[in-house]
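Undergrad: Quick one: this structure, given as structure tokens, is what I'll be asking you about.
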Amino acid sequence: MHLVEVEGKQMARFLGEIQAGRQVRLGQGRAQTQILRQAADVLGEAAILVQIERDLDVGSYVPLSIAMRCGPEVLSQTAEHLRGPTTSTDGWQGVIGQALRGKFLLVDGLEHLQASRAEWELPGLYAPSSRSLSTWLEQRAAMATLVGAPRYALRPVEDSRWTADRLWELTERDPERYALAVAREIMLGPGERRGWDEPSLMADLWDGMPLELRELISLLATHGRPIQHTLFEELELLSVESIKRARDLALIDVHEGQISLPQPWYGVSGQGKPVKRHRILADAFAHVARGGAGHPNHLAVLEAHRHYAAIPDIEQALEFADFSVGPLLESAVRQSKQGYPERAVQSYEALLELDERCPGRLERRTRAYAKHYCHYNQALMLAERSPDGTGENIEETIAGYRSALTDWPENALFWSRLVRKLFDASRESEAMEALRAAYVDVPPHPERDRSLIVNTVDRLIARNLLLPAVFVWGGHEWQSGSERAVEERLEKRLASGFQTTRLWAPGVAATQVNPPAHVTALWQLEQDGWICSSGELHRNGETRTEAVSSLVRALAFDALATRWREETGGLSVMRVAYQHPAYQQILSFGPRVVPEILRLIERQPDHWHDALVRLTGETPVQPGEKMTTSQLCARWVTWGKARGMRW
């Protein structure tokens with residue numbers, strides 16, 4: 001029954017437009033959904049109503065649900081096109097397009113097909129098929145709800161069982177709250193009771209309805225989206241009389257053959273027993289899917305997978321993974337977020353095993369997603385030191401992340417995690433190379449810098465990896481308040497100072513120091529630049545990275561020079577001393593280390609002539625000229641100052 005209707009003669013105008021072949025567009029909102037449902041009921045068998053929810057299997061659910069209403073042959077052909085690693089729309093569009101001739105497609109919820117801003121998150125896996133589906137539906141829909149389209153007012157339908165105008169005002173003209181209020185009036189009679197807000201209305205209804213109707217509401221709420229009336233009856237979970245009674249009491253909606261609940265009920269999700277009811281629904285759909293009712297039902301296959309995944313029953317979910325593995329992926333993500341990484345690993349490993357048994361069953365990005373998060377959760381297990389000793393070491397995690405990126409190199413989040421993990425493993429040069437590679441492989445996107453730079457730096461700060469954080473941020477200019485907050489957090493940590501036993505900067509090979517170096521970095525307003533300090537050693541730079549790099553180089557040089565002197569002081573052949581790893585590491589710093597060598601030999605002359613010649617390509621000594629080590633060092637210091645070097 002209709003509880004509300006569009007005001008005036010607007011519905012007649014809508015139908016006239018539709019029948020003339022012109023598209024009608026409604027705005028978003030509960031009221032516009034009711035108009036769409038009313039139109040479907042008026043059009044009767046000529047209408048096919050599509051109600052879209054934000055589900056990961058929507059790319060298969062929508063075509064299958066449309067096809068089911070077009071007949072068994074159309075459903076079977078559509079299913080064949082949808083099977084496989086992708087939900088390619090080329091095939092099923094032609095099948096359904098032919099079947100829709102003479103019918104009117106009404107679509108509610110197109111906004112749910114819009115991809116999230118960050119396309120490398122889970123919804124991004126399905127963004128291509130969702131966009132294609134959205135385009136097709138918008139082109140084919142005779143009537144649809146769209147962002148920005150006009151909105152039309154509703155009025156309540158008069159009925160002798162309740163005072164329509166009174167309830168309409170008490171529920172503030174919200175059609176979903178009005179439906180709850182009407183159901184309460186029919187079931188319990190008039191009266192104020194707890195109130196007219198959604199929780200109060202639902203509480204009164206729940207307390208007053210029989211157990212069988214509670215079970216019906218709970219099952220539909222657990223299902224979470226509209227369901228074909230005939231399919232729900234095939235499940236044989238409740239009597240036909242219960243469904244009819246619930247409809248008569250306005251507890252459920254039935255429009256164009258689809259059963260749905262007023263939107264607030266979907267939030268109850270089975271009244272505290274979601275796993276039990278997911279199992280009930282899963283087994284019932286599986287029975288129908290296997291042909292238990294006399295013929296196989298492809299839509300039931302999709303729904304069986306969805307409910308088994310929600311339990312989760314991985315083995316059964318995979319058995320019904322003909323059209324989508326999105327719900328199983330979603331279940332694995334939920335397990336990880338709830339603190340059960342070992343369960344998440346089982347789900348991801350099951351998907352990867354499915355891909356091995358049936359090559360091509362998973363689309364490349366789906367395989368990459370499962371692979372990446374399998375290793376991500378295995379790393380979590382190791383970090384939590386799980387009792388059974390499972391988990392993986394950091395090198396296995398890095399290898400897994402790299403493997404996932406071979407399938408999905410456009411994923412900025414995957415690159416960010418690889419960069420962080422390489423820094424965790426003290427493989428700084430590889431981390432920066434991975435960051436550069438990311439900017440080659442990840443297409444321009446509003447969220448690219450946030451994922452690759454801002455989020456990476458945020459996590460590095462949390463790990464107390466301040467030097468890597470400085471160089472990953474580099475010259476990035478924040479674009480929002482949240483990005484600025486991350487940079488301010490970095491600046492605050494640098495200003496307060498931090499200790500590190502590992503010195504590293506781009507172009508400066510990592511050097512271990514003991515005792516730890518205490519480093520601070522501050523912006524100097526009066527000098528319009530940065531100063532980075534450690535004890536009495538100070539280095540300036542126009543940018544933060546320049547100042548920090550200069551200090552790291554100086555500190556690393558001092559540590560390596562001390563090590564070289566201590567470990568080669570007894571050698572009489574300098575050629576051998578020059579092969580020492582510390583000496584060679586200093587040479588790897590390149591010409592920028594020259595001022596640090598000059599600083600050292602100015603106060604402590606030593607055998608650095610060979611290194612300075614190799615680094616500068618010059619010599620301050622004339623051919624045949626003889627001089628002591630002290631004189632040679634003094635000549636080099638003079639040479640450096642004449643070239644404007646500062647130390």
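Undergrad: Residue check: is residue 115 within 31 Å of the chain's Cα centre (by Cα), farther than 21 Å from residue 247 by Cα and modelled with pLDDT of 95 or more?
TA: Working: within 31 Å of the chain's Cα centre (by Cα): yes; farther than 21 Å from residue 247 by Cα: yes; modelled with pLDDT of 95 or more: no.
In short, no.
Undergrad: Counting only residues that are under 40 Å from the mean Cα position of the chain (by Cα), give me the helices (runs of 4 or more DSSP H) lying completely in the stretch 145-245 with at least 3 of them. Write out each step before concluding.
TA: Numbers: elements: 164-170, 175-188, 198-208, 211-223, 229-235.
Qualifying helices (runs of 4 or more DSSP H): 175-188, 198-208, 211-223, 229-235.
Undergrad: Let me ask something else. Within the stretch 627-637, does at least one residue satisfy the condition of being touching a strand residue (DSSP E or B) at 6+ places or on another chain (Cβ under 9 Å), in a helix (DSSP H, G or I) and buried (at least 16 other Cβ atoms within 10 Å of the Cβ)?
TA: No: zero hits.
Undergrad: Residues being under 28 Å from the mean Cα position of the chain (by Cα), among the hydrophobic types (A, V, I, L, M, F, W, C) and modelled with pLDDT of 95 or more: count how many of those fall in the stretch 270-298.
TA: Of the residues in the stretch 270-298, 1 are under 28 Å from the mean Cα position of the chain (by Cα), among the hydrophobic types (A, V, I, L, M, F, W, C) and modelled with pLDDT of 95 or more.
Undergrad: Right, next: Identify, from the list 349, 303, the residue that is under 20 Å from the mean Cα position of the chain (by Cα) and modelled with pLDDT of 95 or more. I'd like the intermediate steps shown before the answer.
TA: On the way: 303 fails: under 20 Å from the mean Cα position of the chain (by Cα).
Testing whether each residue is under 20 Å from the mean Cα position of the chain (by Cα) and modelled with pLDDT of 95 or more leaves just 349.
Undergrad: Sticking with this structure for a sec: Among the residues of the stretch 246-269 satisfying the criterion of being more than 21 Å from residue 159 (Cβ to Cβ), of a type outside the set (A, V, I, L, M, F, W, C) and part of a loop (DSSP other than H, G, I, E, B), which is modelled with the lowest pLDDT?
TA: Among them, the one singled out is 269.
Undergrad: Restricting attention to the stretch 421-456, which residues are more than 16 Å from residue 474 (Cβ to Cβ) and part of a helix (DSSP H, G or I)?
TA: Restricting attention to the stretch 421-456, the residues satisfying the condition of being more than 16 Å from residue 474 (Cβ to Cβ) are 421-422, 424-427, 430, 440-447.
Matches in the stretch 421-456: 421, 422, 424, 430, 440, 441.
Undergrad: Follow-up question, since we're still on this one. Contact list please: Cβ distance under 6 Å, first residue in the stretch 322-340 and in contact (Cβ under 8 Å) with a residue 40 or more places away in the chain, second residue crowded, with 20+ Cβ neighbours inside 10 Å and aromatic (Phe, Trp, Tyr), pairs at least six apart or on different chains.
TA: 332/348
Undergrad: Looking at the structure I just gave you, is residue 386 in a helix (DSSP H, G or I), over 18 Å from residue 126 (Cβ atoms) and either modelled with pLDDT of 95 or more or not acidic (Asp, Glu) (or both)? I'd like the intermediate steps shown before the answer.
TA: Details: in a helix (DSSP H, G or I): no; over 18 Å from residue 126 (Cβ atoms): yes; either modelled with pLDDT of 95 or more or not acidic (Asp, Glu) (or both): yes.
Against the criterion (in a helix (DSSP H, G or I), over 18 Å from residue 126 (Cβ atoms) and either modelled with pLDDT of 95 or more or not acidic (Asp, Glu) (or both)), residue 386 does not qualify.
A quick yes/no check of all residues on (1) on the phi > 0 side of the Ramachandran plot; (2) aromatic (Phe, Trp, Tyr); (3) crowded, with 21+ Cβ neighbours inside 10 Å:
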{"residue": "184", "(1), (2), (3)": "no, no, yes"}
{"residue": "193", "(1), (2), (3)": "yes, no, no"}
{"residue": "196", "(1), (2), (3)": "no, yes, no"}
{"residue": "212", "(1), (2), (3)": "no, no, no"}
{"residue": "216", "(1), (2), (3)": "no, no, yes"}
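Undergrad: Is it the case, given these coordinates, that residue 484 is loosely packed, with under 14 Cβ neighbours inside 10 Å, under 38 Å from the mean Cα position of the chain (by Cα) and either modelled with pLDDT of 95 or more or in a strand (DSSP E or B) (or both)?
TA: Working: loosely packed, with under 14 Cβ neighbours inside 10 Å: yes; under 38 Å from the mean Cα position of the chain (by Cα): yes; either modelled with pLDDT of 95 or more or in a strand (DSSP E or B) (or both): yes.
Taking the combined requirement at face value, the residue satisfies it.
Undergrad: Which of the residues spanning the stretch 599-619 are part of a loop (DSSP other than H, G, I, E, B) and of a type in the set (Gly, Ala, Ser)?
TA: Step one: of the stretch 599-619, the residues part of a loop (DSSP other than H, G, I, E, B) are 604-608, 617-619.
Residue satisfying the conditions is 617 alone.
Yes/no per residue for (1) surrounded by 21 or more Cβ atoms within 10 Å (Cβ to Cβ); (2) at pLDDT below 95; (3) part of a helix (DSSP H, G or I):
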residue	(1), (2), (3)
520	no, no, no
545	no, no, yes
567	no, yes, yes
572	no, yes, no
597	yes, no, yes
621	no, yes, no
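Undergrad: In the stretch 439-462, how many residues are under 17 Å from the mean Cα position of the chain (by Cα) and within 25 Å of residue 510 (Cβ to Cβ)?
TA: Here the count works out to 7.
Undergrad: Only one of these is within 29 Å of residue 528 (Cβ to Cβ) and of a type outside the set (Lys, Arg): 582, 556, 577. Name it. If you could, list the steps in order and put the result at the bottom.
TA: Working: 582 fails: within 29 Å of residue 528 (Cβ to Cβ); 577 fails: within 29 Å of residue 528 (Cβ to Cβ).
Sole residue among the options that is within 29 Å of residue 528 (Cβ to Cβ) and of a type outside the set (Lys, Arg): 556.
Undergrad: Let me ask something else. For residues in the stretch 492-508 being surrounded by 15 or more Cβ atoms within 10 Å (Cβ to Cβ) and either in a helix (DSSP H, G or I) or touching a residue at least 40 places away in the same chain (Cβ under 8 Å) (or both), which is nearest to the chain's Cα centre (by Cα)? Break it down into steps so the answer makes sense when it comes.
TA: Initially, the stretch 492-508 is screened for residues surrounded by 15 or more Cβ atoms within 10 Å (Cβ to Cβ), giving 493-494, 498, 500, 502-505, 508.
Still in the list and also either in a helix (DSSP H, G or I) or touching a residue at least 40 places away in the same chain (Cβ under 8 Å) (or both): 493-494, 502-505, 508.
Details: 493: 28, 494: 30, 502: 33, 503: 34, 504: 32, 505: 31, 508: 35 Å.
Among those that are surrounded by 15 or more Cβ atoms within 10 Å (Cβ to Cβ) and either in a helix (DSSP H, G or I) or touching a residue at least 40 places away in the same chain (Cβ under 8 Å) (or both), it is 493.
Undergrad: Quickly run through the stretch 106-126 and pick out the residues that are aliphatic (A, V, I, L, M) and surrounded by fewer than 18 Cβ atoms within 10 Å (Cβ to Cβ). Outline the logic, then answer.
TA: As a first pass, look at the stretch 106-126 and keep what is aliphatic (A, V, I, L, M): 106-107, 110, 113, 115, 118, 122, 125.
Across the stretch 106-126, the qualifying residues are 115, 122.
Undergrad: Considering only residues that are in contact with a His (Cβ under 9 Å, 6 or more places away or on another chain) and not polar (S, T, N, Q), look in the stretch 396-406 and name the one that is surrounded by the most Cβ atoms within 10 Å (Cβ to Cβ). Can you show your working first?
TA: Looking only at the stretch 396-406, we keep the residues that are in contact with a His (Cβ under 9 Å, 6 or more places away or on another chain), and these are 396-401, 403-405.
Among the residues that remain, those that are also not polar (S, T, N, Q) are: 396, 398-401, 404-405.
Values: 396: 14, 398: 21, 399: 12, 400: 21, 401: 23, 404: 25, 405: 22.
Looking at residues that are in contact with a His (Cβ under 9 Å, 6 or more places away or on another chain) and not polar (S, T, N, Q), I get 404.
Undergrad: Somewhere in the stretch 62-71, is a residue within 25 Å of residue 148 (Cα to Cα) and touching a residue at least 12 places away in the same chain (Cβ under 8 Å)?
TA: There is at least one residue in the stretch 62-71 that is within 25 Å of residue 148 (Cα to Cα) and touching a residue at least 12 places away in the same chain (Cβ under 8 Å).
Undergrad: Right, something else. Check whether at least one residue in the stretch 128-143 is assigned to a loop (DSSP other than H, G, I, E, B) and either under 27 Å from the mean Cα position of the chain (by Cα) or of a type in the set (Val, Ile, Thr) (or both), and report yes or no. Quick ask: steps written out before the conclusion?
TA: Residues of the stretch 128-143 that are assigned to a loop (DSSP other than H, G, I, E, B), as a first pass: 141-142.
Among the residues that remain, those that are also either under 27 Å from the mean Cα position of the chain (by Cα) or of a type in the set (Val, Ile, Thr) (or both) are: none.
The answer is no; no qualifying residue exists.
Undergrad: Is it the case that residue 230 is closer than 21 Å to residue 302 by Cα, out of contact with any Phe, Trp or Tyr (no Cβ under 7 Å at 6 or more places or on another chain), of a type in the set (S, T, N, Q) and buried (at least 21 other Cβ atoms within 10 Å of the Cβ)?
TA: It is false that residue 230 is closer than 21 Å to residue 302 by Cα, out of contact with any Phe, Trp or Tyr (no Cβ under 7 Å at 6 or more places or on another chain), of a type in the set (S, T, N, Q) and buried (at least 21 other Cβ atoms within 10 Å of the Cβ).
So that you can scan it fast, the table gives a plain yes or no per residue for (1) touching a strand residue (DSSP E or B) at 6+ places or on another chain (Cβ under 7 Å); (2) in contact (Cβ under 8 Å) with a residue 60 or more places away in the chain:
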site: 180; (1), (2): no, yes
site: 187; (1), (2): no, yes
site: 191; (1), (2): no, no
site: 204; (1), (2): no, no
site: 211; (1), (2): no, no
site: 214; (1), (2): no, no
site: 228; (1), (2): yes, yes
site: 232; (1), (2): yes, no
site: 240; (1), (2): no, no
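Undergrad: Moving on to the next point. Only one residue in 559, 554, 517, 509 is touching a Pro at 6+ places or on another chain (Cβ under 9 Å) and of a type in the set (A, V, I, L, M), so which one is that?
TA: Details: 559 fails: touching a Pro at 6+ places or on another chain (Cβ under 9 Å); 517 fails: touching a Pro at 6+ places or on another chain (Cβ under 9 Å); 509 fails: touching a Pro at 6+ places or on another chain (Cβ under 9 Å).
Among 559, 554, 517, 509, only 554 is touching a Pro at 6+ places or on another chain (Cβ under 9 Å) and of a type in the set (A, V, I, L, M).
Undergrad: Also, quick follow-up: Identify, by number, the condition in (1) charged (D, E, K, R); (2) more than 21 Å from residue 28 (Cβ to Cβ); (3) under 29 Å from the mean Cα position of the chain (by Cα) that residue 103 doesn't meet.
TA: (3)
Undergrad: Filtering the stretch 577-595 down to residues that are of a type in the set (S, T, N, Q) and assigned to a helix (DSSP H, G or I), which residue is surrounded by the fewest Cβ atoms within 10 Å (Cβ to Cβ)?
TA: If we take residues in the stretch 577-595 being of a type in the set (S, T, N, Q) and assigned to a helix (DSSP H, G or I), then 588 is surrounded by the fewest Cβ atoms within 10 Å (Cβ to Cβ).
The values are calculated or read from the model by the stated rules, or taken from the named source; none is laboratory data. The model shown is predicted, which means the values in this text are computed figures rather than measured ones. With ideal geometry, Cβ positions are generated from the backbone for all residues, glycine too; neighbour counts draw on all protein chains shown.
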